[in-house]
Amino acid sequence: MKFSENWLRSLVNTPVARDELCRRLTMAGLEVEAVDALGGGLDGIVVGEIVECAPHPNADKLRLCQVSVGKGAPLQIVCGAPNARVGLKAPLATIGAKLPNGVEIKQAALRGVESNGMLCSAKELALDADASGLLELSADAPAGKPLAEYLALPDARIELKLTPNRPDCLGLRGLAHDVAALFDTAVKEPSTAPVAAVSDSKREVKLDAGADCPRYVGRVIEGVNAAAKSPLWLAERLRRSGIRPISAIVDVTQYVMLELGQPMHAYDMARLEGPIHVRHARAGEIVKLLDGNEHALAPEFLVIADAKNTLGLAGIMGGFDSRVVDTTRDIFLEAAHFAPAAIMGRARKLGLHTDASHRFERGVDPELPRLAMERATRLIVDICGGKPGPITEAMLAEALPKPVAVSLRRARLARVLGIAIADAEVERILGKLDMRVDKSADGWRVTPPSRRFDIAIEEDLIEEVARIHGYDRVPTHAPSGELRMQLPPEANVSNTRMRTQLAARGYREAICMSFVARDLLERWLLADAAVALANPLSADLAVMRTSLLPGLIEALKYNRNRQRERVRLFETGLVFQAGGELRQTPRLAAVACGRALLEGWATDKRDVDFFDLKADLETLVALGGGVRKIAFESALEPWLHPGRSARLLIDGKPSGVVGALHPRLAKALDLDSDVYVLEADLTLLTAGTVPRATPISAFPMLRRDIAVVVPEAVTYAAIESCVREAVGQYLTEVIVFDRYSGKNLGSGAKSLAIGLILQDDYRTLTVEDADRCVAKAVAALESRCQAKLRG
């Protein structure tokens, strides 16, 4: 919300300087995001009138102007602005003046012709970004008058960062009530006195959308001069609020929206046929809006229509064909109340965001349309002339939101804030906020104004009292009392330890959006269980993620595109899947590409591979203790490389996957190198066991090595499991220390060399014990794994 400081001060007396005003607004929950000072340093800049304008004798694009400053002889000014012409009044920087950008005006010769000053654009005076030509002043501007005095400068453009629950402050009238409460002053309400009808012309209105539009106010104004220009004061207030003036009628609707908070629209009466209908759109209905674009609508959209045509999107934007143009003579002015739920998200679905939709989505005062109509009528008649007809109002009273009284207990207020605030102060604050306050035995019954949608429970009123009284005036006390500390289960591994472990192994933590594009999940073949958002921020954020990996890979690509060759990222977070009910699963994921180790003279220059990521995953599992049974098997996920991937099993439960991305997916994602990923269920990963101390055996170990030839399809996990079951309690460790495959073994075979570590806790094992263990292992491998002892 941007507004002119001087405009706000005209509505409410504010007895403090700009800095203090901004500070108090921020402390009251209306955060001041930016302040742009306007019109400072305009000494020596006056209103000038061009009385003569001729081509420059030595330059085609320059003009030689004689500029009057009210007294004395006209000044000769060389000007290159395209809108310089006889009769134009514009700012003139005289000799010795210094512009806001630091340029000092001196007498100069341009292409051999003397120039005694400079005619200025709005940008050169730091009043606006427009540098297309001279800043045009009103024809009645007195030549020679200081520009700052004429434009009521200096001023400031203040921008508030409003929370969605304060739509009442999207109009200066609502903001003025907060300022009045902060400084205990009175609000000067804008004039909304009824404008008498001097014409019988009116247009019927029909409400066909039920509770989505429970109030619609319209008025015909005949004989307007649509080509009239807005007066300077109105145009300047719009410009300083970030809105460029267009034409008087459009400017008035914008002005009323900023002043009162009620969006309005004007239609060309000559383009309307029959009654005005407020209805839901028909499926596939096409509407061409003021921006010139056509949109196909769904029944969820509200439209304004006449007997034949769709005139515009209700609460969002008017239609192109029914717009007011300079030749318009009769207009139909509208102001309506739309339910927030009927407008919410509709503009974003069409790629739009308008001032009207921004307000209606949050809630506009349902009692405001008639007041806004009277205010806009008076301004239009004063500026453009015309004969207003009677106001036509259609209303569904039962569907209009009604303020409900809320109880505020004195004891509850003191308990929540920790301080006692005098009754008179509480009543002053709530009264200045335009609330009706009725005293009761234990406190007050407070009825908020119709524009305050955010006041529903007692805590809302406590917040109002606290923010106006001043959060900085609430004392700070250390909490007292006994706190019961909830200890986490000792067996569980904390997420922090998981993240610290990955950081220690060279990964950087990333935080990706929980929303992704549906087509991205479809590329990964992960879109089947995706949860679609009812109100997405954009098409790229339309569904909830079903895996952490798509977002991490996009972050990896972003880094690769910025010359980061070695990228390692991880993330912990929730994934979402549809079903009987929404399932939210905590996951951990990591991605890596590039060299396995940082570049250095003593490090290996190989790229990261499957076993690097598998080792990273195994270190995470190891944090939970060694009692759990860990195994890997072939992964079946279609987005993983079928020959370089595996599924993690913890105690027989599928717990995660690790491997390289499938080449087809990598190509679809435009990845230029192999990328390895891992993803695991965080709940299963962190469910560890309590460490238990075991005594170290006092007896020596024996080691026996065997080499077996097995089919290539037999995994080492199967071999290790077979050996452990066969040998039994004496086997403390199994080590694979060599793998060989070659022509002399034949096709589809491999040789594995395995070391068996044997030990007993109660005696020294003999050679005969070791031989029996080896024999058991070999026999089991031959029968269960098709192994042959290699000689």
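Only one of the listed residues (Val303, Val278) is assigned to a strand (DSSP E or B), β-branched (Val, Ile, Thr), open to solvent by less than 50 Å² (accessible area, probe 1.4 Å) and free of Cβ contacts under 8 Å to residues at least 60 places away in the same chain. That residue is Val303. Residues that are within 22 Å of Leu617 (Cβ to Cβ) and touching an Asp or Glu at 6+ places or on another chain (Cβ under 6 Å) within region 513-551 comprise Leu548, Leu549, listed in sequence order.
Of all residues in region 754-791, those being assigned to a loop (DSSP other than H, G, I, E, B) and either without any contact (Cβ under 8 Å) to a residue 40 or more places away in the chain or more than 30 Å from Ala713 (Cβ to Cβ) (or both) number 9. Across region 632-670, the number of residues qualifying as among the aliphatic types (A, V, I, L, M) and not in a strand (DSSP E or B) comes to 6. Picking from residues in region 71-110 that are touching a strand residue (DSSP E or B) at 6+ places or on another chain (Cβ under 8 Å) and among the charged types (D, E, K, R), the one that is farthest from Pro146 (Cα to Cα) is Arg85.
Out of the residues in region 514-543 that are surrounded by fewer than 12 Cβ atoms within 10 Å (Cβ to Cβ) and among the aliphatic types (A, V, I, L, M), state the one that is nearest to the chain's Cα centre (by Cα).
Narrowing region 514-543 to residues surrounded by fewer than 12 Cβ atoms within 10 Å (Cβ to Cβ): 528, 532, 534-535, 538.
Adding the requirement that they be among the aliphatic types (A, V, I, L, M) leaves 532, 534.
Values: Ala532: 18, Ala534: 16 Å.
Going through the qualifying residues, I end up with Ala534.
One residue alone among Leu272, Leu313 is closer than 22 Å to Gly351 by Cβ and not hydroxyl-bearing (Ser, Thr, Tyr), and that residue is Leu313.
Working only within region 201-224, note down all residues that are in a strand (DSSP E or B) and either of a type outside the set (A, V, I, L, M) or open to solvent by 30 Å² or more (accessible area, probe 1.4 Å) (or both).
Residues of region 201-224 in a strand (DSSP E or B): 205-207, 215-222.
Hits for region 201-224 are Lys206, Leu207, Arg215, Tyr216, Gly218, Arg219, Glu222.
Strands (runs of 3 or more DSSP E) fully within region 322-413 that include at least 3 residues being open to solvent by less than 50 Å² (accessible area, probe 1.4 Å) and touching a Pro at 6+ places or on another chain (Cβ under 7 Å): 331-337. Figure legend. Inter-residue proximity from region 80-92: first residues free of Cβ contacts under 8 Å to residues at least 24 places away in the same chain and closer than 19 Å to Ala59 by Cα, second residues open to solvent by 50 Å² or more (accessible area, probe 1.4 Å) and not in a loop (DSSP other than H, G, I, E, B), beta-carbon distance below 8 Å, spacing 6+ or different chains. Indicated pairs: Gly80/Arg63.
Restricted to region 469-499, and to residues that are closer than 14 Å to Ile419 by Cβ and not acidic (Asp, Glu), which residue is surrounded by the fewest Cβ atoms within 10 Å (Cβ to Cβ)?
The first filter runs over region 469-499 and keeps only residues closer than 14 Å to Ile419 by Cβ, leaving 469-477.
Now restrict to residues that are not acidic (Asp, Glu): 469-471, 473-477.
Details: His469: 20, Gly470: 12, Tyr471: 12, Arg473: 11, Val474: 13, Pro475: 8, Thr476: 5, His477: 8.
Only one residue fits best here, namely Thr476.
Number of residues in region 477-502 that are within 16 Å of Ala590 (Cα to Cα) and touching a residue at least 40 places away in the same chain (Cβ under 8 Å) equals 6.
Would you mind finding the one in Ala414, Ala466, Ala441 that is within 24 Å of Arg24 (Cα to Cα) and free of Cβ contacts under 8 Å to residues at least 24 places away in the same chain? Selected residue: Ala414, the only one of Ala414, Ala466, Ala441 that is within 24 Å of Arg24 (Cα to Cα) and free of Cβ contacts under 8 Å to residues at least 24 places away in the same chain. Taken over region 575-603, residues that are open to solvent by 70 Å² or more (accessible area, probe 1.4 Å) and either modelled with pLDDT of 95 or more or farther than 16 Å from Arg505 by Cα (or both) amount to 7.
The values are calculated or read from the model by the stated rules, or taken from the named source; none is laboratory data. Because the structure is a prediction, the values reported are computed rather than measured. With ideal geometry, Cβ positions are generated from the backbone for all residues, glycine too; neighbour counts draw on all protein chains shown. For accessibility, only protein heavy atoms count, side chains too; no ligands or nucleic acids. Shrake-Rupley method; radii C 1.70, N 1.55, O 1.52, S 1.80 Å.
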